[in-house]
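Please treat every number below as a calculation from the coordinates, not as lab data. For clarity, every value in this text was computed on a predicted model and none was experimentally measured. Don't worry about glycine lacking a Cβ; one is built from the backbone with ideal geometry, like all the others, and counts go over all protein chains shown.
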Amino acid sequence: MCAAISVERCSKCPSQSILYQVYSGQHLCGKCLSDSVRKKTSRELRKQLILPKNARHDDGTPFRLLVAISGGKDSAVLLSLIVDIIGKRRDVEIIAGCVDEGIDGYRKPSMECAIELSKTLGIKFVSISYSELGYEEMDTVVSKMPRMSELHDEAKGMMPCSFCGVFRRQGLNALARKTNADIMALGHNLDDMAQSILMNLQKGDIERSVRLAPHTESPLEGLTPRIVPLRWIPEQEIHAHAVVSKLPFFHGDCPHAPGAMRQLSRDIVADLEEQTPGARHGLLHSLEEIRRLYNNSNDIIISKAKKCSICNEVTSREICQACTMKKWLSEA
């Protein structure tokens with residue numbers, strides 16, 4: 001005889017729970033979880049996206065908010081919530097934008113989900129590919145990595161994500177220019193933020209952490225400001241909300257991701273959270289305090305961004321990493 005399985009009740013209503021928030025001690029049903037996700041997103045939008053009552057430009061055109069989407073759960077939740085929260089404003093135009101990296105079996109089905117969601121929400125969808133940007137597709141890049149490692153010491157030990165991350169950032173910049181976006185929203189969740197902070201701390205790169213989005217109070221010269229409305233919401237809750245809301249999103253993982261430094265940081269952050277619930281929140285709170293100290297100190301100077309001598313994109317050195325990698329690829 002099988003033992004009866006006890007299902008916890010939601011901490012906020014009589015319904016059955018679908019998720020346990022270890023860091024808060026609360027059990028949440030689907031509706032209460034979605035209400036929590038929406039509330040946190042709305043609060044962050046108010047803090048990060050400062051809009052006047054009439055956000056139109058002097059020429060009458062609307063304020064343009066570009067939402068970077070990939071077809072995954074995070075950006076699906078981000079786009080749907082932004083449309084739900086501010087989509088009725090006539091002075092704001094929401095545009096969905098996707099970068100096509102050229103990864104066989106991964107990008108096409110995920111982009112189809114992104115297009116379907118955009119169409120369902122009545123949002124304009126735009127995309128840009130690596131080939132349009134003058135870069136080789138990621139599958140080709142991966143095939144050339146052994147040869148690049150032979151030719152260039154700096155390329156030794158690099159993983160596919162090192163190249164894709166650089167090219168993707170340039171793709172987002174190009175999308176912002178293509179759509180004349182005033183601001184760009186990224187779907188980084190709490191786990192993403194904690195991983196980025198940890199990776200930067202491992203390298204002793206405090207400046208890079210300080211430059212992480214949101215850029216509401218300190219925009220980076222030459223770049224469309226980024227906001228991250230989902231930054232306080234754990235990945236598990238984002239996924240559960242996407243499923244409960246029946247959003248179309250691609251479930252697969254990038255075939256080139258295994259072995260990347262972020263994967264290692266993902267495991268470390270997950271272990272930290274398991275041992276000390278709330279560790280992810282603590283890392284993000286630490287970044288906020290470091291940012292406050294940077295902004296309030298007259299003794300600390302953040303390096304000023306330069307323009308790449310080849311492509312004129314914002315960089316911290318004479319030739320940007322994207323152009324450096326593009327040269328490696330041409331030689332390989």
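Straight-line reach from residue 246: which aspartates and glutamates fall under 20 Å, measuring Cα to Cα and dropping same-chain residues less than 8 apart? Result set, ordered by chain and number: 35, 74, 84, 112, 116, 235, 237. Computed on the stretch 168-289, with alpha-carbon pairs under 8 angstrom and 6+ residues apart, the relative contact order is 35 percent.
Cα centroids of the stretch 235-251 and the stretch 31-51: 16 Å apart.
Most exposed first by the Cβ proxy, i.e. fewest other Cβ within 10 Å, how do 256, 57, 281 rank?
Numbers: 256 20, 57 12, 281 16.
Going from sparsest to densest Cβ surroundings: 57, 281, 256.
Listed peptides 88-98, 227-237 appear in the order 227-237, 88-98 once ranked by packing, highest mean of other Cβ atoms within 10 Å at the front. Cut-off 17 Å, label point 7 angstrom out along Cα-to-Cβ of residue 35: give me the residues of the stretch 230-258 whose amide nitrogen falls inside. Residues passing the 17 Å test: 241, 244-245.
If you count the DSSP beta bridges with both ends in the chain, what percent of them are antiparallel, to the nearest 5?
Working: 6 of 23 bridges.
In the chain, approximately 25 percent of DSSP beta bridges are antiparallel ones.
The gain in end-to-end length when the residue 16 to residue 112 segment is fully stretched comes to 31.2 nm, 0.36 nm per residue minus the alpha carbon separation.
Across the chain, the relative contact order, built from alpha-carbon pairs under 8 Å that are at least six residues apart, equals 20 percent.
Compute, for the stretch 40-302, the length of the dipole vector about the Cα centre, with Cβ point charges of +1 (Lys, Arg) and -1 (Asp, Glu) only. Units Debye, rounded to 20. Present the calculation step by step, with values, prior to reporting the outcome.
Working: 33 positive and 36 negative charges, 183 e Å.
The calculated dipole for the stretch 40-302 is roughly 880 debye.
Quote to one decimal, in nm, the extra length available between residue 271 and residue 257 on full extension: 0.36 nm per residue of separation minus the C-alpha distance between them. Mind showing how you got there, number by number?
On the way: separation 14, 0.36 × 14 = 5.04 nm, distance 1.97 nm.
Extending this stretch completely gives an extra 3.1 nm.
Here the stretch 1-64 was treated as a single set of alpha-carbon atoms; its pair distances binned every 10 Å from 0 give 18, 29, 20, 16, 11, 4, 2, 0 percent.
On the beta carbon distance between residue 154 and residue 26, with R0 = 51 Å, the FRET formula returns roughly 0.60.
Quick one: plug the Kirkwood hydrodynamic radius of the stretch 40-302 (C-alpha pairs) into Stokes-Einstein at 37 °C, 0.692 mPa s, and report D in µm²/s. Write down the numbers at each step before the final one.
Working: Rh = 19.6 Å.
Answer from the Stokes-Einstein relation: 168 µm²/s.
Compared with the direct C-alpha span, the chain from residue 131 to residue 310 gains 62.7 nm at full extension, assuming 0.36 nm per residue.
Most exposed first by the Cβ proxy, i.e. fewest other Cβ within 10 Å, how do 58, 267 rank? Intermediate results must be reported in sequence, preceding the final value.
Details: 58 5, 267 11.
Listed from fewest to most nearby Cβ atoms, that is 58, 267.
Summing +1 for each Lys or Arg and -1 for each Asp or Glu among the other residues whose beta-carbon sits under 15 angstrom from that of residue 274 gives -3. Extending 7 Å from the Cα toward the beta-carbon at both residue 7 and residue 217 defines two label points whose distance is 4.5 nm.
With respect to the cross-link table entries 119/178; 144/306; 73/119; 144/326; 108/156; 144/307, which display a Cα-Cα separation exceeding 18 Å? It would help to have the intermediate numbers written out before the result.
Details: 119/178 20 Å; 144/306 29 Å; 73/119 16 Å; 144/326 12 Å; 108/156 30 Å; 144/307 28 Å.
Where the Cα-Cα span goes over 18 Å, the pairs concerned are 119/178; 144/306; 108/156; 144/307.
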